[in-house]
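Engineer: One structure coming up, written as structure tokens, with questions to follow.
The values are calculated or read from the model by the stated rules, or taken from the named source; none is laboratory data. Just so it is clear, the model here is predicted, and its values are computed rather than measured. Glycine also receives a Cβ, built like all others from the backbone with ideal geometry; neighbour counts cover every protein chain displayed. SASA here: full protein model, heavy atoms, side chains in, ligands and nucleic acids out. Shrake-Rupley method; radii C 1.70, N 1.55, O 1.52, S 1.80 Å.
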Amino acid sequence: MKGDINMIKVLVNGICGKMGNEVAKLISEREDMKLIGGLDPQTNTNLPFHISSNIHSLPEIPNVIIDFSTPESTISLLPYCICQSIPLVIATTGFTQEQQDTIINASLQIPIFQSSNMSYQISLISQLIAELSLKLPEANIEIVETHHNQKKDSPSGTALLLADSINHANSYGYTYELNRMQKREKRNPKEIGFSSIRGGNIVGEHSIFFFSPYETLEVKHTAHSRVIFAEGAIKAAKFLLNQKAGYYTMKNLM
């Protein structure tokens, strides 16, 4: 095993959450990384990691931070990252536009990698459906996503990521329909509709439908394990260490 001097020191923000814990376990198994601990409001746990609710009380300064927390926690971490020149991988979702603007501004000073979904296959699908939308310009597009009953944001960040890839390819000609309950009108042909299902312990499932008059095309991705997201975040962290200040996404990693 390599000595500590050659190892990448990683801090996980939101380490007590399902994804944070998954990332921590994978890092602990690697020879090229050292988990120096994590941040989480819940510090009274039996997890074998150094956990603190205050980043200034950590024993070491990390080389990179992986963030699977909450929007508020992510934003509060940015001044520390800027002060210490620490690259930040953001896998948290549910940011407001104001919070997202804060992240973009911070990327002018430090390298920031952000993705609503760290899966390589989701990145491939986002490219695929963008191309399909150009070949099926008359199709009605709907996105249906299913997640576990503990997920707070709706629609999922991944569903929005997928819709954004379509919208970008079409010069932002689509609007997003998030709630049809209050509407009593025909479907706008240039809208992307979202449906969210919450229940059980579903890791994540996304279906993109292209409805034409006489046929329907469905593109579907199912995540069977949270490991794929943890592995993606670790790859992003290694990638980010060699980058200058800027804003990076899965497109850069691919």
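Engineer: Near K220, which aspartates and glutamates are there with a Cα under 19 Å away, not counting those fewer than 8 places off in the same chain?
Structural biologist: Within the straight-line limit of under 19 Å, K220 reaches these aspartates and glutamates: E131, E142, E145, D164, E205.
Engineer: Percent of Cα-Cα pairs more than 26 Å apart in segment 1-144, please.
Structural biologist: Value for segment 1-144 (Cα pairs over 26 Å): 34 percent.
Engineer: Arranged from highest to lowest average of other beta-carbon atoms within 10 Å per residue, in what order do the peptides 100-112, 225-237, 242-254, 155-167 appear?
Structural biologist: So the order, starting with the most tightly packed, is 155-167, 225-237, 100-112, 242-254.
Engineer: Okay, moving on. Pairs of alpha-carbon atoms within less than 8 angstrom and 6+ residues apart define the contacts here; what relative contact order does the chain have, in percent?
Structural biologist: 21 percent
Engineer: Which order do the peptides 138-146, 216-224 come out in when sorted by mean C-beta neighbours inside 10 angstrom, highest first?
Structural biologist: Highest to lowest by the protection proxy: 138-146, 216-224.
Engineer: Cross-link candidates for K25: which lysines have Cα within less than 27 Å, leaving aside residues fewer than 8 places away along the same chain?
Structural biologist: K2, K9, K34, K151, K152, K235, K238, K251
Engineer: Compute the accessible area per residue over segment 65-214, keeping the other protein chains in place, probe 1.4 Å, unit Å².
Structural biologist: That works out to 50 Å² per residue.
Engineer: At 1.4 Å probe size, with the rest of the protein present, what percent of the exposed accessible area of the chain is carbon and sulfur atoms?
Structural biologist: 51 percent
Engineer: Residues with beta-carbon under 10 Å from that of S116, excluding S116: net charge, scoring Lys, Arg +1 and Asp, Glu -1?
Structural biologist: Taking every Cβ under 10 Å from that of S116, the sum is -2.
Engineer: Provide the packing ranking of 196-204, 13-21, i.e. peptides ordered by the mean count of other C-beta atoms within 10 Å per residue, highest first.
Structural biologist: So the peptides 196-204, 13-21, ranked by packing, come out 13-21, 196-204.
Engineer: Using only helices, what value at 222 nm comes out for the chain when you add -39,500 (n - 2.57) per DSSP H run of length 4 or more and divide by the total residues, to the nearest 500 deg cm²/dmol?
Structural biologist: -10000 deg cm²/dmol
Engineer: Right, here's the next one. Summing +1 for each Lys or Arg and -1 for each Asp or Glu, what net charge is found among the other residues whose Cβ lies under 14 Å from the Cβ of P87?
Structural biologist: +3
Engineer: Let me ask something else about it. Here are several values of Cα extents along the principal axes in Å: (1) 62, 38, 35; (2) 49, 47, 36; (3) 58, 45, 30. Which one was derived from the coordinates shown?
Structural biologist: Derived directly from the coordinates: (1).
Engineer: State whether segment 115-186 is rounded, prolate or oblate according to the following rule on the C-alpha gyration tensor (a ≥ b ≥ c being the square roots of its eigenvalues): a/c under 1.5 gives rounded; otherwise a/b larger than b/c gives prolate, and the remaining case gives oblate.
Structural biologist: oblate
Engineer: Let me ask something else about it. If amide H atoms are built 1.01 Å from N in the plane of the peptide, which residues on other chains or at least 5 residues away come under 5 Å of the amide H of I110?
Structural biologist: G246
Engineer: Also, quick follow-up: Roughly what % of DSSP beta bridges within the chain run antiparallel, to the nearest 5?
Structural biologist: 35 percent
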